[in-house]
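**Q** I have a structure I would like to understand better, so I am pasting it below and will then ask my questions one at a time.
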Amino acid sequence: ADELIVAIAGNPNSGKTSIFNQLTGTKQHVGNWPGVTVEKKEGYLNYKDLSLKIVDLPGIYSLGAYSEDELIAKDFLLSKGTDLVINVVDATNLERNLYLTTQLLEMGVQLILVLNMYDEVSKKNFNIDIEKLSDFLGVPVVRTIATKGKGINNLVARAVEEFRKDMAINFKIDYGNDIEREIAEIKAILDSNPGINRDYNTRYLAVGILEQDEHIIKEIEKEITNYSINRIRKSLESIETETGEESDALIVEKKYAFIHGLVNDVLKFPLINRNEIS
Ligand code: GDP
Ligand code: K
Ligand code: MG
């Protein structure tokens, strides 16, 4: 039978390991990520005719490459070994948690969004419009209370359903004319470069270059010609002359603005109906 590789990604303390434990029970194996002392947890779950291998990734706030944990998570996701990402977020802190979500979606991985800690949401007397959130992001959204095992069966069913659809993720943040022009320019350079792995989402890589993501830049510099590198540098410079701002600051600003608008749209005060989680 096919083995599905499922990665659990999310911020530290969002409940990833609690979800992992609920999914895998005693079928777990703990080791280390290659070359580092960071703990790697893998576990197994059988669902219908599928065998799922579940990997608990280190907790991260973004897919930058600033820490060992970020590099591990990012390398794993970019290696294309992952069939599906379970993105666990602390539902009481959507705005901070969704930053990583937008990066995962831009990367183009198939994803199910898990709003964990939903007991705390109910306690705080607000609600989240999950249908609207799901429509905006173009991925399934489920609620869980990992410590009580609530919502886990539904999560598995929806995750597998999403995997079986096998639809391309087509999530885009509109970064505005100035930046979109440079994204298109850099993407065209990458697309026409035979050294770039065809599996990669080149819009994601282009945004990463504009974010001045050192890991992405290093990887790309290995694969493309000096001529292309110089053209990319010109693109970066032209944003800075046109806008008077650094491209990475502009990208981050736009991402936060997008998330802020999204969160304002999906948060409901006060709690009107308490949706039971089955
Ligand atoms: P990780 O860092 O993402 O792996 O998060 P953990 O699974 O270690 O959980 C962090 C803390 O949140 C632990 O104290 C958990 O017991 C707690 N926790 C996890 N899920 C829930 C939940 O749904 N509701 C509540 N109230 N606490 C949770
Ligand atoms: K923890
Ligand atoms: Mg953990």
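The values are calculated or read from the model by the stated rules, or taken from the named source; none is laboratory data. Bear in mind that the values here come from a model prediction, so they are computed numbers and not experimental data. Heads up, the Cβs are rebuilt from the backbone with ideal geometry, glycines too, and the neighbour counts pull from every protein chain shown.
**Q** Working carefully through the options Val89, Val114, find the one that is modelled with pLDDT of 95 or more, within 15 Å of ligand 1 (Cβ to nearest atom) and within 24 Å of Ile251 (Cα to Cα).
**A** Numbers: Val114 fails: within 24 Å of Ile251 (Cα to Cα).
Residue meeting the stated conditions: Val89.
**Q** If you go through the stretch 196-241, how many residues are of a type in the set (Gly, Ala, Ser) and modelled with pLDDT of 90 or more?
**A** Final tally of qualifying residues: 2.
**Q** A further question on this structure: Counting only residues that are under 20 Å from Gly151 (Cβ atoms) and within 11 Å of ligand 2 (Cβ to nearest atom), which one in the stretch 1-41 is surrounded by the fewest Cβ atoms within 10 Å (Cβ to Cβ)?
**A** Among them, the one singled out is Asn13.
**Q** If you don't mind, another one. Name the one entry in Asp119, Asp69 that is over 13 Å from the mean Cα position of the chain (by Cα) and within 22 Å of Lys268 (Cα to Cα).
**A** Values: Asp69 fails: within 22 Å of Lys268 (Cα to Cα).
When all the criteria are applied, what remains is Asp119.
**Q** Taking the stretch 11-38 as the region of interest, how many residues are at positive phi and in contact (Cβ under 8 Å) with a residue 60 or more places away in the chain? Steps first, please.
**A** Residues of the stretch 11-38 that are at positive phi, as a first pass: 13, 15, 25, 35.
So of that shortlist, the ones also in contact (Cβ under 8 Å) with a residue 60 or more places away in the chain come out as 13, 15.
Number of matching residues: 2.
**Q** What residue, of Thr102, Thr92, is surrounded by fewer than 22 Cβ atoms within 10 Å (Cβ to Cβ), under 9 Å from the mean Cα position of the chain (by Cα) and in a helix (DSSP H, G or I)? Walk me through it before giving the result.
**A** Values: Thr92 fails: under 9 Å from the mean Cα position of the chain (by Cα).
Only one candidate qualifies: Thr102.
**Q** Would you be able to say whether some residue in the stretch 169-182 is small (Gly, Ala, Ser) and either over 29 Å from Leu113 (Cα atoms) or in a helix (DSSP H, G or I) (or both)?
**A** Going through the stretch 169-182, the residues small (Gly, Ala, Ser) turn out to be 176.
Of the ones still in play, those that are also either over 29 Å from Leu113 (Cα atoms) or in a helix (DSSP H, G or I) (or both) are none.
Within the stretch 169-182 (the criterion being small (Gly, Ala, Ser) and either over 29 Å from Leu113 (Cα atoms) or in a helix (DSSP H, G or I) (or both)), the answer is no, since none of the residues qualifies.
**Q** Taking interchain pairs and intrachain pairs at least six residues apart, which have beta carbon atoms under 8 angstrom, with the first residue in the stretch 165-180 and within 30 Å of Leu4 (Cβ to Cβ) and the second in a helix (DSSP H, G or I) and aliphatic (A, V, I, L, M)?
**A** Within 8 Å, the pairs are Ile169/Leu105; Phe171/Leu105; Phe171/Leu137.
**Q** Between residues in the stretch 105-116 that are under 18 Å from Thr17 (Cα atoms) and within 16 Å of ligand 3 (Cβ to nearest atom) and residues that are part of a strand (DSSP E or B) and at pLDDT below 95, which pairs lie under 7 Å by C-beta distance while being six or more apart or on different chains?
**A** none
**Q** What tally of residues in the stretch 133-148 results from selecting those that are assigned to a strand (DSSP E or B) and charged (D, E, K, R)?
**A** 1
Every residue, every condition in (1) outside the structural domain of Arg164 (by TED's automatic domain parsing); (2) away from ligand 3 (no atom under 16 Å from the Cβ); (3) among the acidic types (Asp, Glu), yes or no:
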| site | (1), (2), (3) |
| --- | --- |
| Asn13 | no, no, no |
| Tyr44 | no, yes, no |
| Asp56 | no, no, yes |
| Ile60 | no, no, no |
| Tyr66 | no, yes, no |
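**Q** Now a separate question. With a cut-off of at least 1 residues that are in contact with a Leu (Cβ under 9 Å, 6 or more places away or on another chain), name the strands (runs of 3 or more DSSP E) lying wholly within the stretch 1-69.
**A** Values: elements: 3-10, 28-32, 39-47, 50-56.
Where strands (runs of 3 or more DSSP E) fall fully within the stretch 1-69 and carry at least 1 residues being in contact with a Leu (Cβ under 9 Å, 6 or more places away or on another chain), they are 3-10, 39-47, 50-56.
**Q** For the stretch 209-268, enumerate the residues that are touching a residue at least 12 places away in the same chain (Cβ under 8 Å), of a type in the set (A, V, I, L, M, F, W, C) and either closer than 22 Å to Glu95 by Cα or not in a helix (DSSP H, G or I) (or both).
**A** Ile224, Leu250, Ile251, Val252, Phe258, Ile259, Leu262, Val263, Val266, Leu267
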